[in-house]
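J.: Quick one: the structure is below, questions incoming.
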Amino acid sequence: MNVSHLLISALLMFLATLAPRFVPFVFIQKKITSPFWKSFLFYLPYAVLSALTFPYVLYSTGSLPAAAIATAAALAMSFFELNMAAVAALSFLVAFGLSFLL
């Protein structure tokens, strides 16, 4: 990964988190009351950030199976509501350990 890819990713993440909050604030004068639009605007930044970072997660190690297993482990740990630091640390250890085996 070179610096230009990193800067483009950072810019897209910035726009993904800013646009859903900034555009309705500026262009919509009345309060949004529709539950659909409220939930859409609330979850849109998370969906876009996930779509932008997920490919980098899978190719973060030299082994695609190790990264996929570590991602599955992170999803399982977050499903059981472990805190974010524990999920990050344990999934790193899983990916690091499996990269030697696979």
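J.: Can you give the extra length, in nm with one decimal, that the chain gains between Phe22 and Val57 once fully stretched, where that is 0.36 nm per residue apart less the Cα-Cα distance? Each step should come with its number before you reach the end.
T.: Numbers: separation 35, 0.36 × 35 = 12.60 nm, distance 2.83 nm.
Full-extension gain reported as 9.8 nm.
J.: When only DSSP loop residues count, what trypsin sites (Lys or Arg not before Pro) in the chain have their Cβ near at most 10 other Cβ atoms within 10 Å? Could you put the intermediate results ahead of the total?
T.: Working: sites: Arg21, Lys30, Lys31, Lys38; in loops: Lys30, Lys31.
In loop regions of the chain (DSSP not H, G, I, E or B), the sparsely surrounded trypsin sites (Lys or Arg not before Pro) are Lys30, Lys31.
J.: Now for a different question. When each pair of different Cα atoms in the chain is counted once in the 1/r mean, what is the Kirkwood radius in angstroms, to one decimal?
T.: For the chain, inverting the mean 1/r across all distinct Cα pairs yields 15.9 Å.
J.: Just to be sure I understand the model, the point goes 7 Å from the Cα along the line to the Cβ. What's the resulting Leu64 to Ser9 distance in nm?
T.: Those two pseudo-labels are separated by 1.8 nm.
J.: How are the alpha carbon pair distances in region 59-102 distributed across 5 Å bins from zero to the largest one, expressed in percent?
T.: It works out to 5, 29, 32, 19, 11, 3, in whole percents.
Read-outs: derived from the displayed coordinates by stated rules, not from any lab. In this text the structure is predicted, and so the values were computed from the model without any measurement. Ideal geometry is used to build each Cβ from the backbone, glycine not excepted, and the neighbour counts take in all protein chains shown.
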